[in-house]
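Computed from the coordinates by the stated procedures, all read-outs in this text should not be read as laboratory data. Nothing here was measured: the structure is a model prediction, and the numbers come from that model. Virtual Cβ from ideal backbone geometry, glycine too; neighbours counted across all protein chains shown.
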Amino acid sequence: MGYIDSKDLKKYYPGKPLEEPLRFEYIKVETEEGVQGVFHVLYFGDYIPQKWLSDAWKEITGSAYVVDIRACKDTVKSPKRLARYCVAQYVSGQTAFVRFSWSWGWVGKGFVKVWKTLLEEVRNFKKAITLWERLLSGESFVLGSKLFKPPPEIGITEILQGELNVS
């Protein structure tokens with residue numbers, strides 16, 4: 001379609017077969033900024049030509065075509081610091097916040113349920129954040145009758161007590 005010439009294919013997709021889908025994992029924050037709202041998207045994955053992205057966005061919206069996309073200048077050394085930056089910039093104190101969404105590869109399926117259950121169990125937001133960070137760092141723990149399991153199998157297992165009758 002003319003967005004990438006053959007020499008750039010080798011530069012941006014070295015060794016990637018043409019029929020292989022692009023890697024694209026994202027988290028998106030939608031705000032009411034501007035005339036039609038704004039999407040702030042942080043993504044990890046393969047290179048996407050800016051011209052293609054602008055054309056696709058104009059086709060989707062019918063009028064908007066401004067797309068500002070930039071590569072990180074440095075390797076992300078601290079995911080925690082990056083997450084704090086994104087929350088501070090696009091969520092915290094944002095009066096125009098609408099919603100956020102993410103791809104399943106960004107976080108594990110079921111993580112929202114795990115977070116809500118954790119918050120329900122401890123009933124203290126700061127303590128829940130501390131436990132959440134431990135969980136995302138790979139630590140399992142038990143709260144009440146629930147075993148919280150870290151990624152990649154993030155989830156909750158109910159621990160039941162009972163009697164075992166052996167004849």
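A full extension of the chain between LEU82 and LYS10 corresponds to an added length of 23.0 nm, given 0.36 nm per residue minus the alpha carbon distance. Normalised by 2.2 N^0.38 Å, where N counts its residues, the alpha-carbon radius of gyration of segment 32-166 equals 1.41. A simple charge model with +1 on the Cβ of Lys and Arg, -1 on the Cβ of Asp and Glu and nothing else charged puts the dipole of the chain at about 540 debye relative to its Cα centre.
Test of understanding: in a Gaussian network model of the chain with alpha carbons linked when under 10 Å, which of ARG123, ARG23, ARG99 would top the mean-square fluctuation ranking? Maximum among the listed residues: ARG123. Each listed q (0.17, 0.31, 0.32 Å⁻¹) maps to a log10 I(q)/I(0) for segment 25-68, found by the Debye formula over equal Cα scatterers with no solvent: -0.52, -1.22, -1.22. Each part reduced to its alpha carbon centroid, segment 17-83 and segment 119-137 end up 30 Å apart. Couplings 3J(HN,Hα) for segment 144-150, derived from phi with the Karplus relation 6.51 cos²θ - 1.76 cosθ + 1.60 (θ = phi - 60°), are x, 9, 10, 9, 8, 9, x Hz, where x marks Gly and Pro. When a/c reaches 1.5 or more, the comparison of a/b and b/c decides; with that in mind, is segment 91-138 rounded, prolate or oblate per its Cα gyration tensor? Oblate, because a/c is 1.5 or more while a/b does not exceed b/c. Checking every one of the chymotrypsin sites (Phe, Trp or Tyr not before Pro) in segment 22-121 against DSSP loop status and a limit of 16 other Cβ atoms within 10 Å picks out TYR47, TYR65, TRP104, TRP106. Between GLU32 and ILE159, the FRET efficiency from the beta-carbon distance, with R0 = 45 Å, is close to 0.55. Take the alpha carbon gyration tensor of segment 29-103, find the square roots of its eigenvalues, order them as a ≥ b ≥ c, and report rounded if a/c is under 1.5; if not, report prolate when a/b exceeds b/c, else oblate. Oblate. Here the chain is scanned for GluC sites (Glu not before Pro) in DSSP loops (not H, G, I, E, B) that have at most 16 other Cβ atoms within 10 Å, and the longest stretch holding none of them is 34-138.
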